[in-house]
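Working notes for the structure below.
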Amino acid sequence: MGFLKNVLGLSTEGPMEESATGTLVSVGEESTASNAVSHMSDDGTFLQFQSYFADIKPEIIDNDHIHQDIYFCALVKIDILQKRGNSYLPPEEIYQQMKGSNGLKQLSFYRKKSNSSGSSFGFDYDSIGDFNKKHKIELIDLLQEVETALDEAMTEAVEIAEMIKERHRLNPLKTGKISTHKKRDALFNESKKEILLDKLSCVLTRGK
């Protein structure tokens, strides 16, 4: 898949490394945050966690299913973030050193931005190169694995829905019509829950 990605011109700039699944992943500092909005804060540049996803999303081959919520589940799974309520924060040990007005403004790959309503946490832009080298391949591989499983689940859901529709058509006692799309979506959503729980230990809210 990495070769195909290069042929199609889908790879981003910077040094590349091949992952365990054969995907070529850009790991240089210049390969990330090219489209992200960053903010100067405390003599450093603050990069929102969700902004990082905007740049790695194109590196997932044939992506039809991976969205921001799944991306955050993956970050939690590989211990890059922790979730508290509706917020995503640095790992507990790092968070404890950064929280509060007297906490560290920057530690490891993380940066804190303070405002009148409190503190926000994101990535430290200047540390993205190191972050890519240590974690990006693992993150891309995990998301690619989930994408592949979800794609296979959708294919299976389509096939089963079509079989049910055909069986209904041939049934002499049939009444009314059957919605292939609704049946397909119901089957896929059920499989999606199982896949995300199995691979990411993640449960998304309804409709995601």
**Fill in**
Apart from one, (1) at pLDDT below 95; (2) surrounded by 17 or more Cβ atoms within 10 Å (Cβ to Cβ) all hold for Ser34; the odd one out is (2)
**Prompt:** Consider Ala149 against the criteria (1) assigned to a helix (DSSP H, G or I); (2) among the small types (Gly, Ala, Ser); (3) over 16 Å from the mean Cα position of the chain (by Cα): it satisfies all of them except one. Which criterion is unmet?
**Reply:** (3)
**Fill in**
Cβ pairs under 7 Å, 6+ apart or interchain, first in the stretch 74-89 and under 20 Å from Ile60 (Cα atoms), second buried (at least 16 other Cβ atoms within 10 Å of the Cβ) and among the acidic types (Asp, Glu), ordered by first then second residue, are Ile78/Glu138
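To keep it simple, each residue is scored yes or no on (1) more than 17 Å from Ile128 (Cβ to Cβ); (2) among the hydrophobic types (A, V, I, L, M, F, W, C).
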residue	(1), (2)
Asn63	yes, no
Ile66	yes, yes
Asp69	yes, no
Cys73	yes, yes
Lys77	yes, no
Ser87	yes, no
Glu93	yes, no
Gln106	no, no
**Message:** Residues that are of a type in the set (D, E, K, R), assigned to a helix (DSSP H, G or I) and buried (at least 19 other Cβ atoms within 10 Å of the Cβ): does the stretch 167-180 have at least one?
**Reply:** no
**Request:** Go through the residues of the stretch 125-133 one by one and say whether even a single one is more than 25 Å from Ile60 (Cβ to Cβ) and part of a strand (DSSP E or B).
**Result:** no
**Prompt:** Of these, Asp69, Asp55, which one is in contact (Cβ under 8 Å) with a residue 24 or more places away in the chain, out of contact with any Pro (no Cβ under 8 Å at 6 or more places or on another chain), part of a helix (DSSP H, G or I) and surrounded by fewer than 17 Cβ atoms within 10 Å (Cβ to Cβ)?
**Reply:** Asp69
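Tell me, which residue of the stretch 181-204 that is out of contact with any Asp or Glu (no Cβ under 8 Å at 6 or more places or on another chain) and either polar (S, T, N, Q) or assigned to a loop (DSSP other than H, G, I, E, B) (or both) is modelled with the lowest pLDDT?
Let us first name the residues in the stretch 181-204 that are out of contact with any Asp or Glu (no Cβ under 8 Å at 6 or more places or on another chain), namely 181-186, 188-190, 192-198, 200-203.
Pick out the ones that are also either polar (S, T, N, Q) or assigned to a loop (DSSP other than H, G, I, E, B) (or both) and you get 189, 201-203.
Values: Asn189: 95, Ser201: 96, Cys202: 95, Val203: 92.
Among them, the one singled out is Val203.
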**Request:** Collect the residues in the stretch 86-105 that are basic (Lys, Arg) and surrounded by fewer than 17 Cβ atoms within 10 Å (Cβ to Cβ), keeping them in residue-number order.
**Result:** Lys99
**Residue that is in contact with a strand residue (DSSP E or B) (Cβ under 9 Å, 6 or more places away or on another chain), surrounded by 13 or more Cβ atoms within 10 Å (Cβ to Cβ), modelled with pLDDT of 95 or more and farther than 21 Å from Glu194 by Cβ, where the choices are Ser108, Ser119, Ser114, Ser127** = Ser108
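The values are calculated or read from the model by the stated rules, or taken from the named source; none is laboratory data. Everything numeric in this text was worked out from a predicted model, so none of it was measured. When we count neighbours, we look across all protein chains shown, and the Cβ atoms used for this are built from the backbone with ideal geometry, even at glycine.
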